[in-house]
Every structure is written in structure tokens, then in C-alpha cells.
Amino acid sequence: MSTEALDANALLRLRGVHKRFDDRTVLDSIDLDVAAHQVVCLIGGSGSGKSTLLRCVDLLVEVDDGTIHLGATELTDPALDQRLARRRIGVVFQAYNLFPHLSVLDNVALAPRRVLGRSRDQAESEAMALLTRLGLADKARDYPDRLSGGQQQRAAIARSLATEPEVLLFDEITSALDPELVGEVLDVVADLKDRGFTILMATHEMDFARHAADQVCFLDNGVIRERGEPDQILTEPREAATQRFLARLL
Ligand code: ADP
Ligand code: MG
């Protein structure tokens, strides 16, 4: 991709990101922008590098080369205060996001107390407000195993929002759900988009990507092969690799 297409004003900016595991290149020269209030969907086959890319942004994986910026902060700066930086990033994984030994309310209130130094009362009332917004007020006192998979993922989203992050990273958050529970979680994501959140997400839900994404990036073997507006990528992909990937989903 030509550098003119990159957006120096984007909230999240990856430039030339490389990641190797042993001798294997898993991310190769990744340039990616997520502008404020935009939703960018990463699509691609299993092993294409989607999770690794998200983990690099979340500082769970150290990049071998390249830079990642969140606003004015370089996340790849070795001198970065990772604890401070990670507060600004909300993450939800495919599954096992919640602490099983804590109530849903405590799951959501934990980070604001520990990380933001909120009092118990304030953290709990804010957590309750978030759970109410996500339709989980009546589950607040339950333990996660009493919730359906869809409710657990909505609670995990509530938890990711509790520290008021600037960017949300969602890694296939509906992949482990029974099909009938996928919609309620994607509805929450669509609502977050409407509220102006900035979201980078890996997903296999192409209908969702088509309707909710501002940009879709097709990742293949650690390379962004193609990117663009969802209708173009999903309906008229230019690259043969994208065409093959989409054809396999039919
Ligand atoms: P995706 O999320 O698109 O399925 P991943 O980012 O999980 O892809 O994986 C990309 C490649 O990196 C895969 O080949 C995977 O086996 C490899 N990989 C991921 N994490 C590790 C790790 N911690 N150590 C070694 N290899 C890894
Ligand atoms: Mg993955």
C-alpha cells in the first residue's frame, strides 16, 4: 500500500510491524490505521495473524520491528509505562474473559478499583450502570457460570469498557457462541459503534462486517493482502487470495 493512504491523524497507527515466532514470520510489514470512532474488521483464515496483530497492540506480544502508536503515545517504545498504556485499551477475547470466582459486578468493578483507584461504592455504581446499559442488570450478583455464553461476552464487553478505554480490541468474540447467541453480542458492538467507540476487531461474521465496519482488512499469512470499504472487499474483492477466502465461507 502506498504511504499516501496512511492517516497520520488516526487514533491507532501501525507501521511496518513485524512479528516472528521462532523462524516463522507471523506478521509482515503491517501498516494499519484505525481512525477515531471507526470500526475496522480484520478478516482472514485461521493462522493468518489476526490474534497476534491484536496482541501486539495490547502489548501481550512484543513486536520485532515497526511501531504502534495510540494517539501521541508510542506503544512500542521500550520505555513505555505499559500499565498506564494498557488502561487505554479495552480487550475482549473469544472466551474465558471473566474471573469465575467473582460475581459479574465484581468482574466489571475490579479494574476501576485496582487500576483507576475508584472507591468500592463508586466502582460498583459505575459497573452497575454499564451492566444495565448492556441489559445485564439482573445478572450483576451472579457468577459467570450462571450466564449464557452471550451474556458472558456482554459482561466481558462491560468489563472492557469499565476503564474508559480509547480503543477496543475484540478478538473473535462471537466464535465460541452458539449461533443463536451471536446476534445479541454483535448488537452490543453495533451500539458501541453508534456511541462513537473506536474498535479494531477480528471476526468471521461477514454480514456484521458488511454493515458495521468502516474498513475491512483481509489478512493472509501475516500480510494485509487487501483492504477497503466492506462492500468492495466482501462483494468485489480484487485479490485472488481474498476471493478464495470468501468463496470458502459460502
Ligand atoms: P489467527 O488469529 O488469524 O488465527 P494467530 O495470530 O493466532 O492467527 O496465529 C498466527 C500464526 O502464529 C499461527 O501460525 C500460529 O500458530 C502462530 N503463533 C501464534 N502465537 C504463537 C506463539 N505464542 N508461539 C508460536 N507461534 C505462535
Ligand atoms: Mg485468532
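All of the numbers you see were taken from the coordinates with simple rules; none came from a lab. Computed from a predicted model, the values in this text were never measured in an experiment. As a convention, Cβ positions derive from the backbone with ideal geometry for all residues, glycine included, and neighbour counts pool all protein chains shown.
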Semi-axis lengths (Å, descending) of the ellipsoid that matches the C-alpha gyration tensor of region 26-142: 31, 18, 13
How tilted is helix 149-161 with respect to the longest principal axis of the chain? Cα atoms for both, answer in degrees (0 to 90, nearest 10). 90
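What is the sum of charges, Lys and Arg at +1 and Asp and Glu at -1, for the other residues whose Cβ falls under 11 Å from the Cβ of Asn107?
On the way: positive: Lys139, Arg159; negative: Asp106, Asp142.
Value of the local net charge: 0.
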Suppose each label sits 7 Å from its Cα in the direction of the beta carbon; what would the Asp121-Asn9 distance come out to in nanometres? 4.4
Calculate the tail of P(r) for region 17-73: the fraction of all Cα-Cα distances greater than 16 Å, expressed in %. 44
Based on the Cα gyration tensor of the chain, what are the three equivalent ellipsoid semi-axes, each the root of five times an eigenvalue, rounded to whole Å and given largest first? 30, 22, 16
Fully extended contour minus Cα-Cα distance, from Arg83 to Asp194, at 0.36 nm per residue: 37.1 nm
Would you please report the Å³ per residue occupied by the convex hull of the alpha carbon atoms in region 139-230? 118
Distance (nanometres) between label positions extended 7 Å along Cα→Cβ at Leu60 and Gln243: 3.6
With unit charges on the beta carbon (Lys/Arg positive, Asp/Glu negative), name the residue among Pro144, Leu161, Ala240 whose Cα is farthest towards the positive pole of the charge dipole of the chain. Pro144
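So what is the relative contact order of the chain, in percent, for Cα pairs below 8 Å that sit 6 or more residues apart?
Details: 462 pairs, mean separation 62.4, N = 250.
Here the relative contact order equals 25 percent.
How much length, in nm to one decimal, is gained on full extension between Asp231 and Glu164, taken as 0.36 nm per residue of separation minus their Cα-Cα distance?
Working: separation 67, 0.36 × 67 = 24.12 nm, distance 3.12 nm.
Here the answer is 21.0 nm.
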Count charges around Pro237 for me, please; just the other residues with Cβ under 13 Å from its Cβ, Lys/Arg as +1, Asp/Glu as -1. 0
For region 232-250 and region 122-144, what is the separation of their Cα centres, given in Å? 40
So, in nm, how far is label His211 from label Thr73 when the simple model puts each one 7 Å beyond its Cα toward the Cβ? 3.4
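Out of every Cα-Cα pair in region 55-105, what percent are more than 12 Å apart? Don't jump to the answer; show the numbers that get you there.
Values: 880 of 1275 pairs.
The proportion of pairs with Cα distances above 12 Å equals 69 percent.
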Antiparallel bridges, percent of DSSP beta bridges restricted to the chain (to nearest 5): 55
Got a sec? Charge dipole of the chain, +1 on Cβ for Lys and Arg, -1 for Asp and Glu; which of Val92, Gly44, Val182 is way out at the positive end? Val92
Kirkwood Rh, angstrom, region 89-175 [1 / mean 1/r, Cα pairs]: 12.6
